[in-house]
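Undergrad: Would you mind keeping the following structure in view while I ask a few things?
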Amino acid sequence: MTSMEKFYELFRRDLKTPRLELRVLKPTPENAKLVWNAIKDENPADFKYVNWTPGYKKPLPESLDETLVQMQKEEQHDVTPNGAVWYVFHNGKLIGHHGVFYFDNNKSIQSGNVWFVKSAQKQGFNQEIWSLLMKMAFEQLGANRIMRQCMANNEQSQKSIMASGFHLDGRIRASTQMPDGSYMDQLVFTKLLCEYNGKQ
């Protein structure tokens with residue numbers, strides 16, 4: 001089994017953390033409705049660092065149809081080549097979205113798009129997910145490196161990433177164009193296998 005095949009086997013399935021269920025949802029009209037019902041009443045201003053739309057031009061989809069289109073595009077462009085995506089449930093309620101990619105050439109996991117509805121933010125859910133993903137990546141997959149990125153102004157994500165023991169590698173200047181046309185720097189964080197102790 002190649003390492004990419006092992007990634008598919010380990011990561012492209014439903015997972016559980018102590019408080020959460022991570023479910024693989026295929027891009028069907030029924031699943032799009034489930035996602036749309038979770039996000040339709042959210043304030044887009046609370047998702048200014050998220051560009052989870054078909055053209056990555058605004059924070060969140062604005063309709064059920066647009067939600068389905070985004071799920072289809074994500075399946076085609078992100079999941080099919082080398083990624084995995086879960087929808088995050090807490091007490092049976094959809095509260096977020098979490099993706100990762102795997103690069104076989106350097107045995108590296110990279111974070112994908114992550115968002116949580118406002119009521120689920122600042123509760124340590126993302127750290128809980130990453131604790132599981134680090135264990136799977138380093139102990140089961142044999143990854144050498146995990147990379148996470150966030151916008152330079154996103155202090156909440158920076159704190160969450162660093163609390164998980166990641167090191168700031170650097171800044172990619174003006175690398176992301178925001179929906180308003182402005183450009184923002186990205187911060188790059190990594191953790192190596194030799195820095196992982198299994199207790200995160």
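The values are calculated or read from the model by the stated rules, or taken from the named source; none is laboratory data. Not measured: the values here are computed from a predicted model. Backbone-built Cβ (ideal geometry, glycine too); neighbour counts: all protein chains shown. Accessible surface areas use protein heavy atoms only, side chains included; no ligands, DNA or RNA. Shrake-Rupley method; radii C 1.70, N 1.55, O 1.52, S 1.80 Å.
Undergrad: Tell me the label-point distance for the pair Lys6, Ala45, using the 7 Å Cα-to-Cβ offset, in nm and rounded to one decimal.
TA: 4.8 nm
Undergrad: If you don't mind, another one. In square angstrom, what is the accessible area per residue of region 26-82 with a 1.4 angstrom probe? Can you show the working numbers first?
TA: Details: 3140 Å² over 57 residues.
Value returned for region 26-82: 55 Å² of accessible area per residue.
Undergrad: Right, something else. What number, in percent, do you get for the relative contact order of the chain if the mean sequence gap of Cα pairs under 8 Å and at least 6 apart is divided by its residue count? Don't skip to the answer; put the middle values down first.
TA: On the way: 318 pairs, mean separation 35.1, N = 200.
It comes to 18 percent, rounded to a whole number.
Undergrad: Can you give me the C-alpha center-to-center distance between region 1-67 and region 128-187, rounded to a whole angstrom?
TA: 18 Å
Undergrad: Can you match Rg/Rh (Cα atoms, Kirkwood Rh) to one of these, [x] 1.02; [y] 0.94; [z] 1.00, based on a calculation from the structure here?
TA: Derived directly from the coordinates: [y].
Undergrad: So, one more: Carbon and sulfur together cover what percent of the accessible area of region 1-60 at a 1.4 Å probe radius?
TA: Numbers: 1810 of 3500 Å².
That share works out to 52 percent.
Undergrad: Roughly how many Å² of Lys118 are accessible to a 1.4 Å probe, to the nearest 10?
TA: 120 Å²
Undergrad: Name the residue, out of Ser119, Ser111, Ser63, whose mean-square fluctuation peaks in a Gaussian network model built on the chain with Cα pairs under 10 Å.
TA: Result for the chain, Cα springs under 10 Å: Ser119 fluctuates most.
Undergrad: Could I have the simple spin-label model distance between Arg19 and Arg173, label points 7 Å from Cα toward Cβ, reported in nm to one decimal?
TA: 3.9 nm
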